[in-house]
Each structure stands twice: as structure tokens, then as C-alpha cells.
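Here the structure comes first, spelled out in C-alpha cells, and everything after it is commentary.
The values are calculated or read from the model by the stated rules, or taken from the named source; none is laboratory data. The structure presented is a predicted model; accordingly, all values stated were derived computationally and were not measured. We place every Cβ from the backbone using ideal geometry, glycine too, and count neighbours over all the protein chains shown. Each accessible area value is taken on the protein alone, full model and side chains, heavy atoms only, with ligands, DNA and RNA left out. Shrake-Rupley method; radii C 1.70, N 1.55, O 1.52, S 1.80 Å.
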Amino acid sequence: MTGIDGVVIVGAGPVGLFLAAELRLADVDVTVLERRTERPPITKGVAMHARTLELLAMRGLAGIFLHSGVRLPGWHFGFLERRVDFTGLDSPYPFVLSFPQDRTEAILEDRALALGARIVRGVQAVGLEQTDDDSVRVITPDADFGAAWVVGADGAASTVRRLAGIDFPGTEATFYSYLGDVVADAPPPPGFNVVNDRGAMMVAPMPGGLHRIAGYDPERQQAGRGALTMDELRETAARISGADFGLRDPKWMTQFDSATRVAATYRSGRVLLAGDAAHMHFPAGGVGLNLGLQDAMNLGWKLAAVSQGRAAESLLDTYEAERRPWAEDVARHTMAQTALITATTAEGLALRKLLSDLMGTLPEMNRTLARRLSAIDVAYPPPNAGTGAHPLTGTRVPAADMPDGRPTTAEPTPGTTAIVRPDGYVWWATDDPSPDLNAARAALGVAF
Ligand SMILES: Cc1cc2nc3c(=O)[nH]c(=O)nc-3n(C[C@H](O)[C@H](O)[C@H](O)COP(=O)(O)OP(=O)(O)OC[C@H]3O[C@@H](n4cnc5c(N)ncnc54)[C@H](O)[C@@H]3O)c2cc1C
């Protein structure tokens, strides 16, 4: 058995890797266990949204993404014809950044390793024992890994979640989506998506000369999850959009479903969940990875403080209280989008047109959707709001420099002084022109 003080993270996906780096900023002993010997050569996600870029910027990390990512002013909501316009966002990053998830993972892995995390590949967690009040053991076929805390960042089919006995309630799949990352010799213009009485299809340029073809084909629902052939994808494209776009040379072809679930709790004793292990949903709007990275940023500093005895365990309960409602919100808006993507009846198409037209005439509708998808509207108002907390408490700070993950002071509005949490939200604020910051820090209950 190795180490008993630190944290074991199961899963070296983007969330596990980012969490490992966050914990290392506070010098927590971190081991990441990953069943795969190497990262698969596919990219699931491509969309990186404004709040995630703000958080990465706080750690001095945004530059590498901004340098080679593609800035898109708009993104679809449920394949509606009129796209959500992000250019008016109140953020230093008023766009969606197209950046392949496999490269994000490589960057986060390099960072975790550089900060001193241990990443053990080819090791699958198969058992979990919460032995006593102070420790927990992750069991793998060849060795046991002891830790003070275990985080399941092992994806939607999370073994840790199952072993910890945490329920994963939600809705079963209502349809299957096809997906092909392929070469397209005759692609449609960027931003192409169509929903008609034959099905739904989007075609989006990807890095490496590929295009992502994805959507809903009513005639492929019997096939279920899994394999899809090039001929089947060509046939689907021709039938739904009237052209096969010269598709060839697939890099990744699959069918996945629309099941939507949020873990009943994010913590059971010394076991916590983050990322897809805590929430799964249809990848509409390109938000799952963003949601998970924000989980990691929220959890990292809290788990570091509790595991090092710098804060009471109750601080960890705020992780679920703050993050779970946003996962439920994402579950709702992705389900709303799947309803729109599969709205291929005459009534459904009429609803789509109505909503698309309203997006054009109601700026507030566009603004709300842009803020929702980008997670700019995420806030953590204190449960005791109204009992004296400053109104800015729990609100987001768009830009704060915290490369070492320590809280900082900032002036979110002229005349207001705030202490900003390591994850970029106002912790405490005052309009007093000469505040006693030492007293305020001491009252927060976490020593840094
Ligand atoms: C088609 C598609 C498109 C998407 N597009 C976007 C997008 O544009 N933007 C966006 O934000 N999100 C998108 N997503 C969602 C995004 O890919 C996921 O939310 C993200 O991968 C979740 O990261 P994670 O680290 O939580 O889990 P995962 O990426 O699933 O990583 C979990 C890791 O745990 C490992 N593991 C599992 N079980 C064990 C075990 N027992 N022991 C050891 N290791 C284990 C796995 O091998 C894996 O490496 C998309 C998803 C799909 C399918």
C-alpha cells in the first residue's frame, strides 16, 4: 500500500488531471490512477467556453489555448438555425474557443506532472474500502493505493461512484446520435446544421483537416450504441442533407446516446466525485468538459485545505452545494437541446422556427443563452444571503491573477474591496474604504 495522507484521483481524463494540478499547487501528495496505458487518439470535445478560459487565465494557462485555438463568435443551441452570438459577453473572452480535447488533456497532464503529481497508467480501480475514519483504499489488480481522500474522476461509467454506493438518477436514453470525424472533400460552409423531416445533421470543421459530422437519424435508432460504418454515414448525410460532402477516411466513428444523469451526492465519506463521474448528458452546447474543469477548480482548494488540516471538513460540503445545482442546470438545458435536435415532426419544425426567429428579435434571449452556455452566470450566493453578506459575495471575478492558487484581493467595483477565492469567486467584500483584511481573512475559516 502506498501513501496514506494524500489524495488518490481515479481517472486521468481532463478533470482528474486538472484537479491533480490544483492540489499540487498546495503541495498535496497526489497520485492519479488511469486504466489506459496511453491517451486514445480521438478528440471528444472541442468547445471551450468563456468562464473556463477565465479560470485557466487565473492560473496563467490561457495563453497556450488562445494561441492555437480558433475563436468562434457563435455556437449552436439545439441546432437552431440562428446561432447564439457570444460577442456581447461581459468577459475578456467573448467567443467559443475551438480546441481539441486530446490537446487539452496533453497540456493538463504536462502541468500536473510538472507540479509534481504522480500519474500511474495501466492501473484500473476495481475496489474501494473506506477502512476507518481517516483513510480509504483503492484496490487495483496488482496493488492497493491508500489515501486520506479519493476522487472519482473516472468518467460517466464511474467505477468509484458505483463502489461508493452513490446513485446516478436521471433519464434513460431517448435517442442515439451518430458521429463521424472524417475527411470531407466537399464540405458545406462552417456553421452548417440542418433539421428537417428526415433528421438532423451538423458539419463542423475540426483541427487536422477533419470535419465532425453528427446528429440524429431516425432510421438509425435500431443500431443503438457503438459501431457506425463509412457507408452508413455517407448514406445518412445524403438522405438528411441532400449531399454526402465527399466523406472519407474516418478517424472516429460512433453512435452515442442521450442519457442524462446527475449523481445523488458528490461525496460519500472520504470519496468525492468530479466531472463526468458526477454528471452525464448529451454533448449539446459543448459544455461537459467545461463543467468538469469548473468542478475541479471548485474542489481543488477546498480538498487541499481540508486534507492539510487548514479548514474544517464542512468546507467540502460546499463543493456539492455549489456545483451540483449547475450540473442540474446543464442537464436541463442539454435535454431542451435534444428535444430541439430531434424535433423533426411538422410541429417540432414549427417550434424550432419560432424559437430561432425569437432569438433574432429578442436580444435578451440570445444574451441569456450565451451566459448560460459560457457559464458566465455561475455564482455561489451564500446560503445565509440576506443576513449581512455583501451582495457581491459568491459572484464571479472575470479576471484575477492567482497562478499559485492562493486567494487574492481585488476591486470588483470602484470603492469595493474583495477577497477572491482561489477559484475566482468573491469570498468576502466590503465597501469600507479602509477594511481590516487580516481580520476578514481570519474569519473565513481557511488558513493559507
Ligand atoms: C462526442 C462528444 C463531444 C463532446 N464535445 C464537448 C465539447 O465540445 N465541450 C465540452 O466541454 N465537452 C464536450 N464533451 C464532453 C467531454 O468530452 C467530457 O465531459 C469530458 O471528457 C469529461 O472529462 P472527465 O475527465 O470527467 O472524464 P473522462 O474524459 O471520461 O475521463 C475519465 C478517465 O478515467 C479513466 N477510468 C475510467 N474508469 C477507470 C478505472 N476504474 N480505473 C482507472 N481509470 C479509469 C478513463 O480511462 C478516462 O481516461 C463531448 C463528449 C462527447 C462524447
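Run down 242, 224, 269, 286 and say which single residue is within 9 Å of the ligand (Cβ to nearest atom) and not aliphatic (A, V, I, L, M).
286
Only one of 424, 445 is closer than 27 Å to residue 24 by Cα and open to solvent by 40 Å² or more (accessible area, probe 1.4 Å). Can you tell me which?
Only one candidate passes the filter, namely 445.
So how many residues does segment 151-177 have that are surrounded by fewer than 16 Cβ atoms within 10 Å (Cβ to Cβ) and either among the hydroxyl-bearing types (Ser, Thr, Tyr) or on the phi > 0 side of the Ramachandran plot (or both)?
Counting residues in segment 151-177 that are surrounded by fewer than 16 Cβ atoms within 10 Å (Cβ to Cβ) and either among the hydroxyl-bearing types (Ser, Thr, Tyr) or on the phi > 0 side of the Ramachandran plot (or both) gives 3.
Could you identify the single residue in 114, 148 that is of a type outside the set (Val, Ile, Thr) and surrounded by fewer than 16 Cβ atoms within 10 Å (Cβ to Cβ)?
Matching residue, one of 114, 148: 114.
Looking only at segment 106-127, which residues are more than 14 Å from the ligand (Cβ to nearest atom) and acidic (Asp, Glu)?
110
Among the numbered criteria (1) touching a strand residue (DSSP E or B) at 6+ places or on another chain (Cβ under 7 Å); (2) under 17 Å from residue 174 (Cβ atoms); (3) within 16 Å of the ligand (Cβ to nearest atom), which single criterion is violated by residue 218?
(3)
So which residues in segment 202-219 are modelled with pLDDT under 90 and more than 23 Å from the chain's Cα centre (by Cα), if there are any at all?
208, 209
Collect the residues in segment 135-145 that are open to solvent by less than 70 Å² (accessible area, probe 1.4 Å) and either acidic (Asp, Glu) or within 23 Å of residue 304 (Cβ to Cβ) (or both), keeping them in residue-number order.
If the condition is that a residue be open to solvent by less than 70 Å² (accessible area, probe 1.4 Å) and either acidic (Asp, Glu) or within 23 Å of residue 304 (Cβ to Cβ) (or both), then 135, 136, 137, 138, 144, 145 are the ones that fit.
Pull up segment 84-105, narrow it to residues that are more than 28 Å from residue 40 (Cβ to Cβ) and either in contact (Cβ under 8 Å) with a residue 60 or more places away in the chain or within 12 Å of the ligand (Cβ to nearest atom) (or both), then point me to the one that is most open to solvent (accessible area, probe 1.4 Å).
Here the residue is 90.
How many of the residues in segment 67-86 are farther than 25 Å from residue 214 by Cβ and in contact with a Phe, Trp or Tyr (Cβ under 8 Å, 6 or more places away or on another chain)?
Of the residues in segment 67-86, 0 are farther than 25 Å from residue 214 by Cβ and in contact with a Phe, Trp or Tyr (Cβ under 8 Å, 6 or more places away or on another chain).
For segment 124-134, give me each residue that is in a loop (DSSP other than H, G, I, E, B) and either open to solvent by 70 Å² or more (accessible area, probe 1.4 Å) or over 17 Å from residue 161 (Cα atoms) (or both).
Listed by number, the residues that qualify are 124, 126, 130, 131, 132, 133, 134.
With the requirement that a residue be among the small types (Gly, Ala, Ser) and closer than 21 Å to residue 17 by Cβ, what does segment 257-299 give you?
263, 274, 275, 277, 278, 286, 288, 292, 296
Can you tell me which of 81, 34, 38 is crowded, with 22+ Cβ neighbours inside 10 Å, of a type in the set (Asp, Glu) and either more than 26 Å from residue 193 (Cβ to Cβ) or away from the ligand (no atom under 13 Å from the Cβ) (or both)?
After ruling out the rest, the residue left standing is 34.
Does any residue in segment 116-135 that is free of Cβ contacts under 8 Å to residues at least 24 places away in the same chain come within less than 9 Å, Cβ to Cβ, of a residue that is within 15 Å of the ligand (Cβ to nearest atom) and of a type in the set (D, E, K, R) six or more places away or on a different chain, and which pairs are these?
Close Cβ pairs (under 9 Å, with a partner that is within 15 Å of the ligand (Cβ to nearest atom) and of a type in the set (D, E, K, R)) amount to 129/137; 129/144; 131/137.
Looking only at segment 139-176, count how many residues are within 12 Å of the ligand (Cβ to nearest atom) and out of contact with any helix residue (DSSP H, G or I) (no Cβ under 8 Å at 6 or more places or on another chain).
8
Hey, residue 269 hits all of (1) over 24 Å from residue 336 (Cβ atoms); (2) not assigned by TED's automatic domain parsing to the domain that holds residue 139 but one; which does it fall short on?
(2)
Cβ-Cβ distance below 6 Å, separation of 6 or more or different chains: which pairs start in segment 1-17 with a residue that is modelled with pLDDT under 80 and open to solvent by 10 Å² or more (accessible area, probe 1.4 Å) and end on one that is more than 9 Å from the ligand (Cβ to nearest atom) and not in a loop (DSSP other than H, G, I, E, B)?
Cβ pairs passing all conditions: 1/144; 1/146; 2/145; 4/146.
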